[in-house]
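The values are calculated or read from the model by the stated rules, or taken from the named source; none is laboratory data. Remember, it's a predicted structure, so these values are computed and weren't measured experimentally. Note: ideal-geometry Cβ built from the backbone for every residue, glycine included; neighbour counts use all protein chains shown. Ligands, DNA and RNA are excluded from the accessible area calculation, which covers all protein heavy atoms including side chains. Shrake-Rupley method; radii C 1.70, N 1.55, O 1.52, S 1.80 Å.
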Amino acid sequence: MKKMLANNWFLFKICLTAAPGYVLAYAFDIFRKELGIFLGFTVFFQYALNAAEFGLPFINVAILFGVFCLYEVIHLFFDSARQKKLAPKALPVMRRRLKGLLFEKAREIDLDAYDNPQFYNDYIMAINESDNQIDKILMTMEHFVGAATRVVLAGGFFIFVDPISFIFVFASFGLQFLLETAVNKLNFKIRMQKNPIERKFQYINRVFYLPDYAKELRLNPEAADRLQREHTQINNELQTIDETYAKKLTVLGWLRRYVVGNFIFNALYMAYLVLSAAVLGRISMGNVVIFHGTARRLSYGMTDMSRTFTDIADISRYVERINIFLEKKPQIVSEKNLPVPKENAAEIELKNVSFRYSENTPYALNNVSLKIKSGEKAAIVGYNGAGKSTLVKLVMRLYDPTEGEILLNGTNIKDYNLEEYRRAVGVIFQDYKIFAATVRENILLDIADEAHADVTPALQQAGFTEKLASLPLGTEQPLTTEFAENGVNLSGGEAQKLAIARAFHKHSPLIILDEPSSALDPIAEYHFNHAVAASSMRSGLGGTASESVLSGVLAATDEADFELTRHTTADSEKTMVFISHRLSTTRIADTIFLMENGQLAEQGNHSELLTQNGKYAEMWNAQTSRYLK
């Protein structure tokens, strides 16, 4: 019980601190409402019936009625003010406060948590249920304050006037409490069983309504058919769960409503009142009506109390899930909290680095040692699954190595302030995202102190100039049509250029581009390579006949509209790392590292690796052979 109350206090405290005025006004309105009901339907009507039965002065009834009406007018005024004025402002604030906690934790939690399905279930449930639970804790407060006021007033009335009536109502309350608890436990069990299944259900729904999948579904009708079959199967699974517990829920509901509610209260208690008035003469006939009505309100109060406690238990189970999520501590933390050196370029070194995603999976990287010098342009290449993207995630400290260490300018990256370190590295992953925001906001992201910074140079560096000139609102143009009617959807290549511009704008000493030209056409790819080479090549690279042919094909394009070379001078000393399959991009690098099966297989510049006639030469010849035929 102590833990259950603590969990509810956690959620209630969020509401109280977010909107204290609203919560207190809400509680007072509920108390005032119940007090008005008691005064009107117990005190006033009892006096009015007794006045009619025993011939008491009517003027007293009229005065009492006027006081009651005035009380109700005042109550309705304050209740309306709370609902119309306070609620629309307070409710969104309370909901944002809870979601803010969840989103903040989601930002700091380690990336490997998302590889755990149970964690993901807890997170999805916490987010999806957050608004409902805020509403539910307020409704529970309403039930509790209302029920407690009702029980105190009506219960106190019966204890002083007729204690036996109180015993009847209390017996009904006890049985209803037990049955209500059983129903709520069963409902929670059902919801927990449905949650992972409903996640699949929601995923299929997203596939059918998100534009990302629209083309695939139309071009691959078999996939759409399969998803529809799975949708039907999931519906059947959900229905099976409901059917499994339907009989038990029906029986418990029947016992609660008809046996406990109707028989004990309506039949037995009414018989007691008639006996007390007609046979024993203990109470007046008017009091039979008053006692039955007050007892019913007391019964409802106790029923609401029982529901309040079961609601408290239900909310506690939900908060328990939230706490599992919120109490998860990130393992990737700064060990010494050192500041990141303010330098133009960075030196990165991996020493005997090995890594695997879990104890049950094979190593994605195995004893990798390499060094990228300050200001060097390095390329990491290899086939799918070689460990290239994993290596980038380790450098970014999205994961920590299982073995070995990574150094930035001679210092273990674990020693740097984590947030400052990640900000110091400009990185674009191959699965980058374009947000439903303006071009400027997509470049700046969370750089709040640069809200009005000029992002045009970064866009020019990334080759976005021509597209930018075509946008009616320039850098203030909304992207995607999800929220803005005048939004623009970018092509794959245009979106990739925009993502690359993010890295250029950060002016980071280290820039990592994961598959930077995967969505670019050969002409745009050539422009990109030419710009990087023109601004950063520190020594000439030799070339083979196949390289000359490829360069000749690409160089036949018009470079007049590509302004990259005029804007990359400031970045010429930066350390830049390319992760790529397309060797036409990596050939401009000072040093190329070839990964194979999680290990470093070859190392050198383009000419040296071609001379070695190893795996790199094999990949290069395979990619350039189409231009030689």
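A few comments on the model shown:
- Counting only helices (runs of 4 or more DSSP H) that fall entirely inside the stretch 371-475 and contain at least 2 residues that are over 30 Å from residue 351 (Cα atoms) and not hydroxyl-bearing (Ser, Thr, Tyr), the qualifying elements are 439-444, 456-461, 465-470.
- Residue pairs whose Cβ atoms lie under 7 Å apart, separated by 6 or more positions or on different chains, with the first residue in the stretch 231-247 and in contact (Cβ under 8 Å) with a residue 40 or more places away in the chain and the second open to solvent by 50 Å² or more (accessible area, probe 1.4 Å) and not aliphatic (A, V, I, L, M), are 241/193.
- Residue pairs whose Cβ atoms lie under 7 Å apart, sitting 6 or more positions apart in sequence or on different chains, and linking a residue in the stretch 167-183 that is charged (D, E, K, R) to a partner that is part of a helix (DSSP H, G or I) and open to solvent by 70 Å² or more (accessible area, probe 1.4 Å), are 180/307.
- Boolean, residue 600 is modelled with pLDDT of 50 or more and either over 42 Å from the mean Cα position of the chain (by Cα) or not in a helix (DSSP H, G or I) (or both): yes
- Taken as a whole, the stretch 364-383 holds no residue that is in contact with a helix residue (DSSP H, G or I) (Cβ under 7 Å, 6 or more places away or on another chain), within 27 Å of residue 481 (Cβ to Cβ) and of a type outside the set (Gly, Ala, Ser).
- The selection criterion, being open to solvent by less than 80 Å² (accessible area, probe 1.4 Å), at pLDDT 85 or above, more than 30 Å from residue 489 (Cβ to Cβ) and in contact with a Phe, Trp or Tyr (Cβ under 7 Å, 6 or more places away or on another chain), does not hold for residue 241.
- Against the test of being in contact with an Asp or Glu (Cβ under 6 Å, 6 or more places away or on another chain) and assigned to a helix (DSSP H, G or I), the options 184, 128 yield a single qualifying residue, 184.
One line per residue, one yes/no per condition, for (1) more than 30 Å from residue 173 (Cα to Cα); (2) surrounded by fewer than 16 Cβ atoms within 10 Å (Cβ to Cβ); (3) in contact with a strand residue (DSSP E or B) (Cβ under 7 Å, 6 or more places away or on another chain); (4) among the aromatic types (Phe, Trp, Tyr):
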{"site": "306", "(1), (2), (3), (4)": "no, no, no, no"}
{"site": "311", "(1), (2), (3), (4)": "no, no, no, no"}
{"site": "314", "(1), (2), (3), (4)": "no, no, no, no"}
{"site": "324", "(1), (2), (3), (4)": "yes, yes, no, no"}
{"site": "350", "(1), (2), (3), (4)": "yes, no, yes, no"}
{"site": "360", "(1), (2), (3), (4)": "yes, yes, no, no"}
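- Residues of the stretch 178-207 satisfying the condition of being within 25 Å of residue 255 (Cβ to Cβ) and among the acidic types (Asp, Glu): 180
- Any hit, the stretch 374-387, residues being β-branched (Val, Ile, Thr), more than 30 Å from residue 478 (Cβ to Cβ) and open to solvent by less than 50 Å² (accessible area, probe 1.4 Å): yes
- Candidates 300, 269, 318, filtered to the one that is closer than 30 Å to residue 52 by Cα, part of a helix (DSSP H, G or I) and open to solvent by less than 70 Å² (accessible area, probe 1.4 Å): 269
- Considering 156, 146, 100, the condition of being of a type outside the set (A, V, I, L, M), within 12 Å of the chain's Cα centre (by Cα) and open to solvent by less than 50 Å² (accessible area, probe 1.4 Å) is satisfied by 100 alone.
- Residue selected from the stretch 35-69 under the condition open to solvent by less than 50 Å² (accessible area, probe 1.4 Å) and of a type in the set (S, T, N, Q), by the criterion nearest to the chain's Cα centre (by Cα): 42
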